[in-house]
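> Quick one: the structure is below, questions incoming.
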Amino acid sequence: MANIKKGDLVQVITGAKPERGGDRGKQGKVLEVLVEQNRVIVEGVNYVTKHTRVGQTQRGTKTGGIETFEAPIHISNVQVVDPETKKPTRVGHRVEEKTKDGVKRTVRVRYAKKSGKDL
């Protein structure tokens, strides 16, 4: 079972500081998980500009120019945010029994471990 899934709120934990133009400390929602490359695309993080050739569609509207979009970031550089404390945390898994329509099932559930709380 994966630690980071689509829709999770994550925080960038490595990279340049924001005052130097980096993304460290930014939080955003995971838009896509690229399992083969071990990368994730996070909303509002790692913006890049891409220059595409200007063309025309059948109706005559122009396409192309300078586009900005989120580029993938390595999965080890982000950490899931604990919904209670809003701090980055590690993720654990535990097995629970759930009953649905009278049928018991064992399912693995993700949970946030301690996240910088005072011990």
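The values are calculated or read from the model by the stated rules, or taken from the named source; none is laboratory data. None of the values given here were measured: they were computed from a predicted structure. Every residue, glycine among them, receives a Cβ derived from its backbone with ideal geometry; neighbour counts consider all protein chains shown. Calculation scope for accessible area: heavy atoms of the full protein, side chains included, ligands and nucleic acids excluded. Shrake-Rupley method; radii C 1.70, N 1.55, O 1.52, S 1.80 Å.
> Determine the principal axes of the Cα atoms in the stretch 70-119, then give the extent along each, sorted from largest to smallest and rounded to whole angstroms.
43, 35, 14
> May I pose another question? In the chain, what percent of the accessible surface is made up of carbon and sulfur (1.4 Å probe, ligands and nucleic acids excluded)?
Whole-percent figure for carbon plus sulfur exposure: 47.
> Additional query: For the chain, modelled as a GNM with alpha-carbon contacts under 10 angstrom, which of Pro88, Pro72, Pro18 fluctuates the most?
Comparing Pro88, Pro72, Pro18 in the GNM, the peak value goes to Pro18.
> Would the stretch 1-86 count as rounded, prolate or oblate if I go by the C-alpha gyration tensor, calling it rounded below 1.5 in a/c and otherwise prolate when a/b exceeds b/c, oblate otherwise?
Since a/c reaches 1.5 and a/b is larger than b/c, the shape of the stretch 1-86 is classed as prolate.
> Name the residue farthest towards the positive end of the dipole of the chain from the options Thr57, Pro88, Gly28, assuming +1 on Cβ of Lys and Arg, -1 on Cβ of Asp and Glu, about the Cα centre.
The residue sitting farthest along the positive end of the dipole is Pro88.
> At a Förster radius of 30 Å, what calculated FRET efficiency corresponds to the Cβ-Cβ distance of Glu43 and Glu97, to the nearest 0.05?
Efficiency at R0 = 30 Å is approximately 0.30.
> Which stretch or stretches of the stretch 1-27 have amide N atoms under 13 Å from the point lying 7 Å from Arg108's Cα along the Cα→Cβ direction?
1-4
> Subtracting the Cα-Cα distance from 0.36 nm times the residue separation, let me have the gained length for Leu9 to Thr52 in nm, one decimal.
Roughly 12.4 nm would be gained on extension.
> Let me ask you something else. Could you identify which residue out of Thr57, Thr89, Thr106 has the top mean-square fluctuation in a GNM of the chain using Cα springs shorter than 10 Å?
The residue with the greatest mean-square fluctuation here is Thr57.
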